[in-house]
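Accompanying notes for the structure given below.
The values are calculated or read from the model by the stated rules, or taken from the named source; none is laboratory data. Computed from a predicted model, the values in this text were never measured in an experiment. When we count neighbours, we look across all protein chains shown, and the Cβ atoms used for this are built from the backbone with ideal geometry, even at glycine. For the accessible areas, the whole protein counts, side chains as well, though only heavy atoms, and no ligand, DNA or RNA atoms are used. Shrake-Rupley method; radii C 1.70, N 1.55, O 1.52, S 1.80 Å.
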Amino acid sequence: MARMPSLPGLHLFSSLPSAPPPHDPSSASTPSTPIPIPKYLPPKSRILRTNPPKPPNPALKTFHRRSKYYKPVKDGVISSHGDRAVVIGDSGVSYLLPDAPFEFQYSYSEIPKVKPIAIREPAFLPFAPPTMPRPWTGKAPLKSSKKKIPLFDSFNPPPPGTKGVKQVEMPGPFPLGKYPKEGKSREEILGEPLKNWEIRMLVKPHLSHNRQVNLGRDGLTHNMLELIHSHWKRQRVCKVRCKGVPTVDMDNICHHLEEKTGGKIIHRVGGVLYLFRGRNYNYRTRPQYPVMLWKPAAPVYPKLIQEAPEGLTIEEANELRMKGKNLLPICKLAKNGVYISLVNDVRHAFEGSILVKVDCTGMHESDYKKLGAKLKELVPCVLLSFDNEQILMWRGKDWKSDISEDPSATLPSQARTNDGESIENGDLLHGNHHTIKTSPKMKLLWEKAIDSNKALLLNEIGLAPDDLLEKVEEFERISQATEHSYPALIMSSEDDSSSPDDNLESQDRDESNYSSDDDEDREGDLFDIVNPTVPMGSLPVDIIAKKLRPE
């Protein structure tokens with residue numbers, strides 16, 4: 001066994017340390033704390049107020065949107081102050097002001113068809129009062145400026161080259177020899193209908209322009225009317241971009257825009273509208289409306305989802321809701337999207353199923369409820385639930401298919417065969433002809449094509465390929481001859497007694513008819529590029545201008 005070296009004073013198995021020595025208070029002083037303890041002043045005694053606080057003015061009191069205020073209302077005036085009143089009617093809550101052209105509302109396009117049953121706040125007019133019945137809470141008014149700022153409008157534009165003035169477009173466009181004139185009615189302000197080339201000229205600069213009016217979930221609001229007129233002050237066309245719930249019914253938006261503003265929608269692409277102010281528009285004589293100072297609280301409407309909807313019992317409604325849980329949605333709607341085709345998609349889906357579901361995940365609760373209310377009116381359908389941010393609809397017992405079952409609606413009343421003979425619609429129905437279901441618009445196009453020799457109606461179906469090719473080649477020669485032929489006017493020597501003025505009048509009449517037809521045929525081609533056939537500088541007016549130009 002190895003031996004460990006022994007060292008003096010080393011003990012491997014020493015005992016635990018002994019208890020510390022007793023503390024001697026006389027040997028050392030008490031250590032001081034590193035951070036001094038702060039000394040707070042005693043609280044001041046509260047001074048009792050001798051004057052009690054004044055009660056707040058009710059005009060300055062704001063009611064919260066989620067307050068428990070609830071007041072049932074009926075049709076008629078619910079609040080009035082002189083000539084100013086708050087009215088409940090078919091269009092919801094409206095406001096009457098003296099000398100107003102129509103009843104003012106917060107939103108003109110997004111109004112439910114049902115009447116409200118209650119209001120969520122006291123009936124106040126959201127406009128500035130004619131006087132000041134409430135205490136002054138703002139700053140003192142600014143002193144009147146000594147500078148005289150000139151006012152410009154379309155009838156009085158600034159002189160060219162003026163610095164610091166934005167561009168102001170003149171009234172128009174006008175044909176050669178015509179000038180602007182003051183108008184009072186909508187027809188006088190709009191003037192003559194625009195030609196297609198004028199529409200292209202007005203719309204093209206605004207296609208990539210950011211100056212626009214944004215129309216959201218509230219639709220056409222009252223304050224947008226003044227905003228549109230401010231756009232019309234400097235340009236002839238106002239661009240309106242629509243997004244969200246109102247795009248389900250774009251025809252409704254177009255109707256209210258034209259009715260309230262007095263303009264004319266000259267072009268429409270998806271959710272973008274181009275609103276023309278009129279040829280004789282004058283900003284100074286525009287209708288001026290008061291501005292709403294706040295957004296009124298929406299009234300209370302009847303519930304959209306009923307426990308037992310129309311034509312169903314509670315058991316049947318619950319059974320349909322259970323089936324709807326496993327139903328796949330036909331589409332998923334994005335937030336602030338454009339839902340132009342939603343109504344047609346729901347109608348087509350009802351052709352194959354009695355239930356339809358639309359996924360609205362991520363949208364605001366009020367948005368998809370408004371969507372459900374619009375679909376209920378436009379499709380029409382019966383709403384079953386809004387569970388899990390999805391709209392579940394039933395097509396109802398009175399549902400009728402959009403596809404016509406009458407085969408006579410798919411054929412024209414009279415058509416021509418390849419032999420030039422005319423046959424009646426009844427002969428086609430009783431024969432061995434196959435019918436295809438189509439829309440009335442397609443039927444009208446077929447009728448026009450047959451009448452203009454651009455289409456051929458065969459009276460024989462079972463033709464061999466060679467016989468069919470022969471018929472097609474023969475019809476092709478006939479259609480080309482018809483397309484490239486024009487009516488000729490033969491003048492004999494006996495008819496020379498007519499005066500040249502009559503010939504000029506007839507020529508002008510023919511040209512005017514041709515131009516109107518040409519405009520109707522080119523309604524869809526708004527932005528075709530027209531290449532000039534005459535080189536620049538070769539017209540007689542260019543030669544005269546070159547001679548008069550100083551060297």
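What to note about this one:
- For the stretch 344-355, the tally of residues that are within 25 Å of the chain's Cα centre (by Cα) and either open to solvent by less than 40 Å² (accessible area, probe 1.4 Å) or modelled with pLDDT under 90 (or both) stands at 2.
- Residue list for the stretch 284-336, restricted to those being among the small types (Gly, Ala, Ser) and under 15 Å from GLU389 (Cα atoms): GLY324, ALA334
- VAL93 being open to solvent by 30 Å² or more (accessible area, probe 1.4 Å) and either under 23 Å from PRO302 (Cα atoms) or basic (Lys, Arg) (or both): yes
- Sole residue being more than 30 Å from MET363 (Cβ to Cβ) and open to solvent by 60 Å² or more (accessible area, probe 1.4 Å), chosen from GLU198, GLU188: GLU188
- Residue within the stretch 265-280 that is over 22 Å from the mean Cα position of the chain (by Cα) and open to solvent by less than 20 Å² (accessible area, probe 1.4 Å) present: yes
- Considering GLN288, GLN235, the condition of being polar (S, T, N, Q), open to solvent by 10 Å² or more (accessible area, probe 1.4 Å) and under 21 Å from ILE199 (Cα atoms) is satisfied by GLN235 alone.
- Qualifying residue in the stretch 328-342 (condition: outside the structural domain of LYS71 (by the TED database) and over 30 Å from the mean Cα position of the chain (by Cα)): no
- Single match in ASN196, ASN210, ASN214 (criterion: out of contact with any Leu (no Cβ under 9 Å at 6 or more places or on another chain), among the polar types (S, T, N, Q) and at pLDDT 90 or above): ASN214
- For the stretch 59-76, the condition holds for no residue, the condition being that it is in a strand (DSSP E or B), under 25 Å from LEU215 (Cα atoms), modelled with pLDDT of 90 or more and open to solvent by 50 Å² or more (accessible area, probe 1.4 Å).
- Condition met for ARG241 (open to solvent by 30 Å² or more (accessible area, probe 1.4 Å) and modelled with pLDDT of 95 or more): yes
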